[in-house]
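Novice: Right, I'll just put the structure down here and ask away after.
The values are calculated or read from the model by the stated rules, or taken from the named source; none is laboratory data. Remember, it's a predicted structure, so these values are computed and weren't measured experimentally. Methodologically, a virtual Cβ is constructed for each residue, glycine included, from the backbone with ideal geometry; neighbour enumeration extends over all protein chains shown.
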Amino acid sequence: MRFPLMDPAFVERALASIRPVAYRDAFVALTSRCAPQAFERLASSDMLGERTIWDPRGVAEDLGPAMAGAGVALREINGGGTPRLSGLVPRAAAVFRGLIEFRDDGCEDAPPPAFMGGASFAPKIPTDVEWGWFGDDMFVLPRWRAALTSSGAFSTWVFTVEELADRAALLRELSTANDVIMRSPTMRIYSTNVRVREDLSRERWRALVEKAIQAVSGSAANSLRKLVPARRTHIEFESTIDPVACVARAGAKFRSCTRFMVEREERAFVGATPERLIRVKGREIETDALAGSLPRAADSVVDALSRELLASDKNRREHEAVVAAIRAALATVCESMDVPSAPTVRALPNLVHLWTPIRATLRSTLHPLDLVGLLHPTPAVAGTPRELAVQWLVRNEPHPRGWFTGPVGWFDARGDGAFVVGLRSMLLYRNHAWLYAGAGVVAGSDPDAEYEETSAKLTAMTAALGL
């Protein structure tokens, strides 16, 4: 393609045909076909603004198109002043209602404009260097977006109606964007050396897990039954970390996991997660119960490890708590559900998980953010009962987990969307990386075994860092 992101001739036709509307905060969205490599090149260049990546390519389940966004047409950050997640629904509806879309020929199947972002594990996260810029939840309508679907590659450019007053400036921006995409490498993989690594000691972890075991061993009907404490590893490198290189490495090793990145003020939340929280298409939804794990060595036999996991009473109890919680939550809004009677095993390069995929039909359409709020956090990342578990974790974990285990995903103008759980993830800032991993604790858990499990989970992001 001569113009890898968007053809100026199409843009000139679109600008000539668009009539501004008297609507406050109205936006224009232009969509055309683009070169397939525009996805990687838009993601790998930082010259068009802060980036957002959603890449489910290689994942067996349907999680929508792969999308790379750059720049910000609109950003909504919730610092705690409005209800989490659901507080964005009316604002997004107003934006989509006033959206003027213009599509080039052959773009009937292109995905509509979408907000991309996520939320923290719990509200009111500490404002510090690690997580202060992300808020309780943050979503971006990208200014530039490249999307890959089974129908091809599509680019979307979103700008305000007011910008139509200076069409020459818009065309100059388009020329710059095409030039950036033409010159940008597809992916840059840098090697870097570690200066400092700080792990939570095994002794401190053992004390945390023993405290959790004591908390879940009560006999009262309303007492805690499961907790999922997390630990953090801080790695300082000699040079700045490239977050997109981390996404690329994670994609190479964990192809069956959804890769994501949310960038904000030199910080990037990056991950490769195996757990789908919700997929919404009209009234049809899909979700996962993913809980109960064993570490997997590189030379281990998956069949033998799977039999061991399926036979584990502790892991089965942990998993069944998640299935029961999801079933109970969805029963309040669904007319039917398909829940397998027993879990299967999902094997990853570093772990095996108990997995139960769940399908359901809503009684009436619900916004994806409302469904995220209904399900998050599941017992797989918090515990049961949910509210008590979250309170215990916030009070007892040695470090704030921020967006780790929070929902990450997208929703579009049609009301469809997909979210994953922000597992196997880390926060990057310049030459610093904070990696997170958690483990489910029930009565009978072994602190040392849970330490080994979290160590195995951390290898997903150490691999992404090139270690």
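For every residue, the table says whether it meets (1) among the aromatic types (F, W, Y); (2) out of contact with any strand residue (DSSP E or B) (no Cβ under 8 Å at 6 or more places or on another chain); (3) touching a residue at least 60 places away in the same chain (Cβ under 8 Å).
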residue	(1), (2), (3)
D370	no, yes, yes
L374	no, yes, no
W403	yes, no, yes
P407	no, no, yes
A418	no, no, yes
L428	no, no, yes
A464	no, no, yes
L467	no, no, yes
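Novice: Moving on. I'd like the residue in the range 59-118 that is part of a strand (DSSP E or B) and farther than 28 Å from V11 by Cβ and, out of all such residues, is nearest to the chain's Cα centre (by Cα).
Specialist: Only one residue tops the list, namely G118.
Novice: With the structure loaded, tell me whether V420 is over 18 Å from the mean Cα position of the chain (by Cα), assigned by TED's automatic domain parsing to the domain that holds R296, surrounded by 24 or more Cβ atoms within 10 Å (Cβ to Cβ) and on the phi < 0 side of the Ramachandran plot or whether it fails that test.
Specialist: no
Yes/no matrix, rows are residues, columns are (1) crowded, with 23+ Cβ neighbours inside 10 Å; (2) out of contact with any Asp or Glu (no Cβ under 7 Å at 6 or more places or on another chain); (3) of a type in the set (S, T, N, Q):
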position: A289; (1), (2), (3): yes, yes, no
position: G292; (1), (2), (3): yes, no, no
position: P295; (1), (2), (3): no, no, no
position: V301; (1), (2), (3): no, yes, no
position: I326; (1), (2), (3): yes, yes, no
position: L374; (1), (2), (3): no, yes, no
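Residue-by-condition table, conditions (1) aliphatic (A, V, I, L, M); (2) in contact with a Pro (Cβ under 8 Å, 6 or more places away or on another chain); (3) over 23 Å from P229 (Cα atoms):
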{"residue": "D303", "(1), (2), (3)": "no, no, yes"}
{"residue": "R307", "(1), (2), (3)": "no, no, yes"}
{"residue": "A311", "(1), (2), (3)": "yes, no, yes"}
{"residue": "V322", "(1), (2), (3)": "yes, yes, no"}
{"residue": "A325", "(1), (2), (3)": "yes, yes, no"}
{"residue": "A329", "(1), (2), (3)": "yes, no, no"}
{"residue": "T332", "(1), (2), (3)": "no, no, yes"}
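Novice: Output the qualifying pairs, or none if there are none: Cβ atoms under 8 angstrom, residues six or more apart or on different chains, first residue in the range 31-56 and closer than 23 Å to E12 by Cα, second residue aromatic (F, W, Y) and surrounded by fewer than 22 Cβ atoms within 10 Å (Cβ to Cβ).
Specialist: What qualifies is T31/F102; S32/F10.
Novice: Of the numbered conditions (1) more than 28 Å from L369 (Cα to Cα); (2) small (G, A, S); (3) surrounded by fewer than 21 Cβ atoms within 10 Å (Cβ to Cβ), A212 fails exactly one; give the number of that condition.
Specialist: Against the list (1) more than 28 Å from L369 (Cα to Cα); (2) small (G, A, S); (3) surrounded by fewer than 21 Cβ atoms within 10 Å (Cβ to Cβ), A212 comes up short only on (3).
Novice: Could you tell me how many of the residues in the range 45-58 are buried (at least 22 other Cβ atoms within 10 Å of the Cβ) and either part of a loop (DSSP other than H, G, I, E, B) or in contact with a helix residue (DSSP H, G or I) (Cβ under 8 Å, 6 or more places away or on another chain) (or both)?
Specialist: Summing the residues that are buried (at least 22 other Cβ atoms within 10 Å of the Cβ) and either part of a loop (DSSP other than H, G, I, E, B) or in contact with a helix residue (DSSP H, G or I) (Cβ under 8 Å, 6 or more places away or on another chain) (or both) in the range 45-58 gives 4.
Novice: Taking the condition of being among the basic types (K, R) and closer than 19 Å to R267 by Cα, how many residues in the range 391-439 meet it?
Specialist: 3
Novice: Does the range 269-283 include one or more residues that are within 21 Å of A66 (Cβ to Cβ), crowded, with 19+ Cβ neighbours inside 10 Å and among the polar types (S, T, N, Q)?
Specialist: Scanning the range 269-283, I find at least one residue that is within 21 Å of A66 (Cβ to Cβ), crowded, with 19+ Cβ neighbours inside 10 Å and among the polar types (S, T, N, Q), so the answer is yes.
Novice: If only one of E335, E266, E286 is closer than 18 Å to L63 by Cβ and over 14 Å from the mean Cα position of the chain (by Cα), which one is it?
Specialist: None of the others qualify; the one that does is E286.
Novice: Scanning the range 362-411 for residues that are of a type in the set (D, E) and assigned to a helix (DSSP H, G or I), which turns out modelled with the highest pLDDT?
Specialist: Here the answer is D370.
Novice: I need the full set of residues from the range 197-246 which are of a type in the set (V, I, T), in contact with an Asp or Glu (Cβ under 7 Å, 6 or more places away or on another chain) and under 30 Å from I53 (Cβ atoms), in order please.
Specialist: The answer is T233, and nothing else.
Novice: Follow-up question, since we're still on this one. For the range 231-245, give me each residue that is under 18 Å from the mean Cα position of the chain (by Cα) and farther than 13 Å from N431 by Cβ.
Specialist: V244, A245
Yes or no, residue by residue, for (1) among the hydrophobic types (A, V, I, L, M, F, W, C); (2) outside the structural domain of F121 (by TED's automatic domain parsing); (3) under 25 Å from H353 (Cβ atoms); (4) at pLDDT 95 or above:
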position: I189; (1), (2), (3), (4): yes, yes, no, no
position: S201; (1), (2), (3), (4): no, yes, no, no
position: W205; (1), (2), (3), (4): yes, yes, yes, yes
position: P229; (1), (2), (3), (4): no, yes, yes, yes
position: S239; (1), (2), (3), (4): no, yes, no, no
position: F260; (1), (2), (3), (4): yes, yes, yes, yes
position: E265; (1), (2), (3), (4): no, yes, no, no
position: G271; (1), (2), (3), (4): no, yes, yes, yes
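Novice: Another question, then. Test L305 against the criterion of being in contact (Cβ under 8 Å) with a residue 12 or more places away in the chain and either within 18 Å of R386 (Cβ to Cβ) or not in a helix (DSSP H, G or I) (or both), and give yes or no.
Specialist: no
Novice: Could you tell me which numbered condition A93 fails, if it satisfies all but one of (1) touching a residue at least 40 places away in the same chain (Cβ under 8 Å); (2) aliphatic (A, V, I, L, M); (3) on the phi < 0 side of the Ramachandran plot?
Specialist: Among (1) touching a residue at least 40 places away in the same chain (Cβ under 8 Å); (2) aliphatic (A, V, I, L, M); (3) on the phi < 0 side of the Ramachandran plot, A93 violates only (1).
Novice: Here's something else I'd like to know. Mind counting the residues in the range 240-295 that are over 13 Å from G409 (Cα atoms), in a strand (DSSP E or B) and of a type outside the set (D, E)?
Specialist: Final tally of qualifying residues: 13.
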